[in-house]
Amino acid sequence: MSDLPKMNNFRTERTGDGILHLIFDMPGRSMNVFSNEAIHEAEAFADWLKGSDVRGVVISSGKPGAFCAGADLGELSEAYEMIKAAPEAERDALTVAHFAPIGRGFRKLETAGKPVAVAIHGLALGGGCEFALAAHYRVLTDAPETQIGLPESLVGLLPGGGGTQRMPRCVGVAASLPILLEGARFGAAEALAAGAAHAVVPAGRELTAAEAWIRSGPDPRQPWDREDWTPETGAALHAITDPVRARYLRETGGHFPAELAILDCLDRGLTVDMDAGVAAEIDIFKDLVQRVEPRNMIAVMFLGRLDYDKRKRKNALPEGLETFGTAVAAAMEARTGALGDLGTRAAALAGIGAPAERDEAVAQAMADRNPQWFEDPATPEEEAAMSILSAAAMVAADWRGRIAEEERNLADFYCATRAGFPRYLGGPFTFYATYGAN
């Protein structure tokens with residue numbers, strides 16, 4: 001047997017009867033996340049496992065309060081800038097090369113021919129949940145803090161490590177939609193009832209339960225890799241996904257591509273085998289991650305929200321934040337009013353202010369726009385919408401001396417959640433930095 005690959009983010013322990021414990025334990029961090037290094041280490045481990053002599057693997061966390069919080073979104077933002085800096089003809093291949101290893105590694109793990117169990121206490125979100133779904137047996141503790149979920153859509157992304165394929169195969173398409181599209185989570189009992197977990201035990205007994213399953217001599221194949229697996233039929237699948245797609249188009253105007261991309265993953269992936277499904281997922285992911293909306297939403301709806309929540313708990317929000325948000329809302333409202341009926345139509349088209357339902361065909365056309373409307377406004381309504389947003393950007397420009405650069409994601413989050421600025425565009429500071437205030 002070859003030596004284990006060198007790993008900085010995982011450590012291993014072996015029992016006397018050949019069970020290998022793979023312990024996710026990132027150095028210097030209180031919470032595990034899937035950094036690029038951790039992703040490549042997981043794939044290297046899966047390559048090693050196929051030729052190993054171990055009886056089986058139990059995956060767990062070395063952190064006392066959680067399993068894994070998901071992807072390293074800071075690295076993802078850096079990857080976006082790297083991809084956009086490359087020549088356009090090279091971007092698709094570069095994106096796939098950068099992001100495919102996580103899905104490829106998880107697929108190798110579940111097909112290595114060794115039974116793999118995962119023991120989860122605390123949060124397993126995003127890539128952490130996808131890691132768990134790639135195991136053949138999932139043990140969760142009954143603690144309230146133990147939850148699994150795929151919240152990528154909340155920051156404009158889709159689960160790119162097989163989550164759009166495994167979750168619906170585990171729990172059914174309809175039951176997977178709140179997890180995939182709305183950021184909902186399963187608690188332990190809910191996961192067990194739905195089929196996302198196999199056992200729920202008191203905290204402290206999860207490793208014993210996972211080991212016991214390995215010792216039972218289980219079939220080291222996922223249900224979808226067995227001969228009796230039946231893929232979804234196209235008609236049955238579309239009967240579920242088509243009405244959901246129509247509702248999202250009406251509600252969002254086609255401005256939030258992540259949910260539509262997730263539905264594309266279901267439609268393209270669930271009627272074929274897992275290898276083809278994972279290939280479809282990364283193909284759709286590569287297009288989504290090159291768009292500007294995920295970059296905006298990561299900066300504002302994730303990093304900005306974290307900063308806002310942290311500073312609010314400490315009663316240390318930036319001075320004048322509410323005044324800033326009020327000024328942004330007032331500027332957009334005044335510009336909308338000055339434009340009359342055109343301004344009303346423009347605000348509705350762009351999702352400025354109060355939400356309004358849109359015509360599905362119009363929303364689908366907006367979703368299919370390339371480049372997006374705000375990158376190349378082509379109608380009077382789009383030009384007017386840019387004018388309304390520019391009014392908010394002018395407020396941001398005036399406030400640059402009062403809101404420090406490190407506080408601007410926080411301020412954008414405030415405006416996106418309280419002042420009616422469209423979330424997919426980030427916020428007035430983000431908009432100003434990209435498009436100016438003309």
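Within the option set PHE431, PHE374, being assigned to a loop (DSSP other than H, G, I, E, B) and open to solvent by less than 10 Å² (accessible area, probe 1.4 Å) holds for one residue only, PHE374.
Among the residues of region 112-140, those that are under 27 Å from ARG305 (Cβ atoms) and more than 13 Å from the chain's Cα centre (by Cα) comprise ILE120, HIS121, GLY122, LEU123, PHE131, ALA132, LEU133, LEU140. Could you list, in sequence order, the residues of region 401-420 that are touching a residue at least 12 places away in the same chain (Cβ under 8 Å) and in a loop (DSSP other than H, G, I, E, B)? Listed by number, the residues that qualify are ARG402, ILE403, ALA404, ALA419, GLY420. Selection of region 198-214 for residues being among the charged types (D, E, K, R) and outside any helix (DSSP H, G or I) yields only ARG205. Listed by first and then second residue, the pairs with beta-carbon distance under 8 Å, at least 6 apart or on different chains, first residue in region 189-202 and β-branched (Val, Ile, Thr), second open to solvent by less than 80 Å² (accessible area, probe 1.4 Å) and not in a strand (DSSP E or B), are VAL200/ALA188; VAL200/ALA189; VAL200/ALA191; VAL200/LEU192; VAL201/ALA209. GLY353 satisfies every condition listed in (1) open to solvent by less than 60 Å² (accessible area, probe 1.4 Å); (2) part of a loop (DSSP other than H, G, I, E, B); (3) within 18 Å of ARG291 (Cβ to Cβ); (4) not hydroxyl-bearing (Ser, Thr, Tyr) except (3). Applying the condition of being aliphatic (A, V, I, L, M) and closer than 18 Å to PRO380 by Cβ to region 357-367 and asking which residue is most open to solvent (accessible area, probe 1.4 Å) yields VAL362. Checking the stated criteria, GLY122 turns out not to satisfy the condition of being within 24 Å of ASP47 (Cα to Cα) and either touching an Asp or Glu at 6+ places or on another chain (Cβ under 8 Å) or open to solvent by less than 10 Å² (accessible area, probe 1.4 Å) (or both). Please verify whether LEU263 is open to solvent by 30 Å² or more (accessible area, probe 1.4 Å), touching a helix residue (DSSP H, G or I) at 6+ places or on another chain (Cβ under 8 Å) and either within 30 Å of THR233 (Cβ to Cβ) or in contact (Cβ under 8 Å) with a residue 12 or more places away in the chain (or both), treating the condition exactly as stated. The answer is no for LEU263.
For GLY65, state whether it is more than 20 Å from the chain's Cα centre (by Cα) and closer than 21 Å to THR141 by Cα. The answer is yes for GLY65.
Of all residues in region 236-248, those that are under 11 Å from ALA363 (Cβ atoms) have Cβ atoms under 9 Å from Cβ atoms of residues that are not in a helix (DSSP H, G or I), 6 or more apart or on another chain, in TYR248/GLY254; TYR248/PHE256. For region 224-238, a residue qualifies if it is open to solvent by 50 Å² or more (accessible area, probe 1.4 Å) and either within 17 Å of HIS21 (Cα to Cα) or within 25 Å of the chain's Cα centre (by Cα) (or both), and the qualifying residues are PRO231, GLU232, HIS238. Scan region 49-65 and give yes if some residue there is closer than 30 Å to ASP17 by Cβ and in a helix (DSSP H, G or I), otherwise no. Yes: region 49-65 contains one or more residues that are closer than 30 Å to ASP17 by Cβ and in a helix (DSSP H, G or I). Checked against the criterion of being of a type in the set (D, E, K, R), closer than 17 Å to SER77 by Cα and either in contact (Cβ under 8 Å) with a residue 12 or more places away in the chain or out of contact with any strand residue (DSSP E or B) (no Cβ under 6 Å at 6 or more places or on another chain) (or both), the candidates GLU130, GLU152 yield just one match: GLU152. In region 292-345, which residues are open to solvent by less than 30 Å² (accessible area, probe 1.4 Å) and not in a helix (DSSP H, G or I)? If the condition is that a residue be open to solvent by less than 30 Å² (accessible area, probe 1.4 Å) and not in a helix (DSSP H, G or I), then PRO318, GLY320 are the ones that fit.
Of the residues in region 78-94, how many are outside any helix (DSSP H, G or I) and of a type in the set (Val, Ile, Thr)?
In the first step, residues of region 78-94 are kept if they are outside any helix (DSSP H, G or I); the result is 86-87.
This time we only want the ones that are of a type in the set (Val, Ile, Thr), so: none.
Matching residues across region 78-94 total 0.
Scanning region 77-88 for residues that are modelled with pLDDT under 95 and either open to solvent by less than 20 Å² (accessible area, probe 1.4 Å) or among the polar types (S, T, N, Q) (or both) gives SER77, ALA79. Would you confirm whether any residue within region 203-223 is within 20 Å of the chain's Cα centre (by Cα), under 30 Å from GLY113 (Cα atoms) and at pLDDT 95 or above? Scanning region 203-223, I find no residue that is within 20 Å of the chain's Cα centre (by Cα), under 30 Å from GLY113 (Cα atoms) and at pLDDT 95 or above, so the answer is no.
Among residues of region 1-44 being in contact (Cβ under 8 Å) with a residue 60 or more places away in the chain and of a type in the set (Asp, Glu), the one that is surrounded by the fewest Cβ atoms within 10 Å (Cβ to Cβ) is ASP17. Taking ALA384, is it in contact with a helix residue (DSSP H, G or I) (Cβ under 7 Å, 6 or more places away or on another chain) and either in a helix (DSSP H, G or I) or buried (at least 22 other Cβ atoms within 10 Å of the Cβ) (or both)? Criteria met by ALA384.
This table checks each residue for (1) open to solvent by 10 Å² or more (accessible area, probe 1.4 Å); (2) assigned to a helix (DSSP H, G or I); (3) within 25 Å of ALA299 (Cβ to Cβ).
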| site | (1), (2), (3) |
| --- | --- |
| GLY128 | no, yes, yes |
| PRO144 | yes, no, no |
| LEU154 | yes, yes, yes |
| THR164 | no, yes, yes |
| ILE179 | no, yes, yes |
| GLU190 | yes, yes, no |
| ALA196 | no, no, no |
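The values are calculated or read from the model by the stated rules, or taken from the named source; none is laboratory data. If you're wondering where the values come from, they're calculated on a predicted model, not measured in any experiment. All Cβ positions, even for glycine, are placed from backbone atoms using ideal geometry, and neighbour counts span all protein chains on display. Accessible surface areas use protein heavy atoms only, side chains included; no ligands, DNA or RNA. Shrake-Rupley method; radii C 1.70, N 1.55, O 1.52, S 1.80 Å.
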